[in-house]
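What follows is a short report on a single structure.
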Amino acid sequence: MSIKKNLSLVIEPDPILHQIAKPVEEITPELNEIFNQMAEIMSKFDGIGLAAPQVGLSKEIIIIDAETIAREEKLTIPSERYIKIINPEIIEVSKETCIKEEGCLSLPTIYYSVERPASIRVKFFNEEGEEIILEADGLLARCIEHEIDHLKGKVFIDYVSPLKKKIALSKLKKMKPKP
């Protein structure tokens, strides 16, 4: 897999945000550089999750800031700060749903309430190539679901009414691009 040397955040309506990402075919040392750059970008913009399409890379790669989520949810801080996710697949969702406000680094200053399953089971590979099955609820589940949507070419405003989506897109158009 060949990547750009310097990844950077892309903002809606960038077309890559609406493409279906391709699975990672081979886990290579280059993935560490991708995860490092994604972690840096996520941290710079105060995010808790970031999908590769958000940095212009159409691959099934996600990074989650588990430490910040644990602090937000008043949980035990995990030993690893980041959850590095490759080729995720949600294998089970709860019948119970939860409506919470969401934002997105690729849609700055836009926040809307979105209904999602309250808990999930997700299967993925970590950066070592090990298959992981993770059970998640609360903010972690919501964050993973939100980032997996990015891999499917969806953004969270796809879940709101057409009027709210139009307002959000109009607001984004008026914003100056970030350097």
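Read-outs throughout are calculated quantities, based only on the coordinates presented, and are distinct from any laboratory measurement. Values in this document were obtained by computation on a predicted structure and should not be read as measured data. Here the Cβ is made from the backbone with ideal geometry for all residues, glycine too, and neighbour counts use every protein chain on show.
For trypsin sites (Lys or Arg not before Pro), the sites in the stretch 57-110 that DSSP calls loop and that have at most 12 other Cβ atoms within 10 Å are 74, 95. Put a dot 7 Å past the Cα of residue 174, heading toward its Cβ, do the same for residue 93, and the two dots end up 3.3 nm apart.
Going by a ≥ b ≥ c, the root eigenvalues of the Cα gyration tensor, does the stretch 1-151 fall in the rounded group (a/c under 1.5), the prolate group (a/b larger than b/c) or the oblate group? Judged from the Cα gyration tensor, the stretch 1-151 comes out rounded (a/c under 1.5). So what is the 222 nm mean residue ellipticity for the chain from helices alone, if each DSSP H run of at least 4 adds -39500 (n - 2.57) and you divide by all residues, rounding to the nearest 500 deg cm²/dmol? One gets -9000 deg cm²/dmol as the mean residue ellipticity at 222 nm. If amide hydrogens are placed 1.01 Å from N in the peptide plane, which non-local residues have theirs closer than 5 Å to the one on residue 49? Residues meeting the criterion, in which the H sits 1.01 Å from N, are 65.
Find, among the chymotrypsin sites (Phe, Trp or Tyr not before Pro) in the stretch 120-177, those assigned to loop by DSSP (not H, G, I, E, B) with at most 14 other beta-carbon atoms within 10 angstrom. If you can, show how the numbers build up before the last one.
On the way: sites: 124, 125, 156, 159; in loops: none.
Those that pass, being in a loop and sparsely packed, number zero.
Pairs over the 20 Å Cα-Cα cut-off, from the set 22/154; 44/123; 22/173; 44/171; 123/152: 44/123; 22/173; 44/171. In straight-distance terms, cross-link reach from residue 165 covers every one of the aspartates and glutamates whose alpha-carbon lies under 19 Å from its own, apart from those fewer than eight places away in the same chain; here that gives 12, 14, 101, 102, 115, 147, 149. Converting phi to 3J(HN,Hα) with the Karplus coefficients 6.51, -1.76 and 1.60 and the offset θ = phi - 60°, the stretch 87-100 yields 6, x, 9, 6, 9, 7, 10, 6, 6, 6, 10, 9, 10, 9 Hz in sequence order, with x at every glycine or proline.
For the stretch 1-103, the list of GluC sites (Glu not before Pro) that fall in a loop by DSSP and count at most 15 other C-beta atoms within 10 angstrom reads 25, 26, 80, 96.
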